[in-house]
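Have a look at the structure below before the remarks.
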Amino acid sequence: MTEVQLHDVELLPERTLGGPTADAPLRGRLTFGWDVLPADHDGVPEDWRSYVRSAPDREFRHLVLVCSFRPETQESKGEFRHASLGISLSTPDREARPVARLIDPGERTRPVGVLGSGLSFSIKAGVLDVGVQKPEGAAPAREEWIVRGYGAAQPDPQWEFRRVKRFPLVGDHPVAALVELVPGQVNAAEVLVAAELEHRAWGVRRYRARLTPAPHAIVLGG
């Protein structure tokens, strides 16, 4: 996986009836990064490379996005419960839009429901991977999704992230799209991020990320 530089973003609370009136933005809890790469670089999955080779007259980009969720601290309460990341692909010509031909992941899972002897941690290419160590002879664990992607072959793909038992929503979560560009146009991706945090005192609160102009509209080519 490519190296992606992460940037701190603010999480702005959505005002709700009965919610705390002095609910301040959350800082230092979410970082976001991206990279735009050639569609045939070494890190692209082989099936994506095959797709690109099958359409030599079309232009593609490999768009990599990373959301990194930080655990709660004494100064910043609340545990991440759910989050969503969406991109809206566009050009100045509203009738012509780029398309995310392929997305990754369609679904990313973790084993739950089986007691293990402990947790194992590994870091590969900057991504924290958490695994469960099972006793010998234990029944297979049930897999539950922690990331789901939607919108392949559409201009508006999105991904959902959630915590599951023994796997909190923390650490780096990379996703990617193989974007077919519109020729002769400036192609861009507008990014939207939302998250739900569960507070002991307030319950579930919903936030939106305040993104700076650079990641808010990522130029893909043109």
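The values are calculated or read from the model by the stated rules, or taken from the named source; none is laboratory data. This one's a predicted model, so the numbers in the text were calculated from it and none came from an experiment. All Cβ positions, even for glycine, are placed from backbone atoms using ideal geometry, and neighbour counts span all protein chains on display. Protein only, heavy atoms only, side chains kept; ligands, DNA and RNA dropped before computing areas. Shrake-Rupley method; radii C 1.70, N 1.55, O 1.52, S 1.80 Å.
Annotation: for a label point projected 7 angstrom from Cα along Cα→Cβ of ALA153, residues of region 30-52 with backbone N closer than 19 Å are 47-52. Distant-in-sequence amide contacts of GLN185, defined by a placed amide H-H separation under 5 Å and a gap of 5 or more residues or a different chain, comprise nothing. In the context of the full protein assembly, VAL219 retains an accessible surface of approximately 100 Å², using a probe radius of 1.4 Å and ignoring ligands and nucleic acids.
Only Lys, Arg, Asp and Glu carry charge here, each on its Cβ (+1 for the first two, -1 for the last two); on that basis region 149-222 has a dipole of about 580 debye about its Cα centre. For the set ASP104, ASP35, solvent exposure ranked by accessible area (probe 1.4 Å, protein chains only) runs largest to smallest as ASP104, ASP35.
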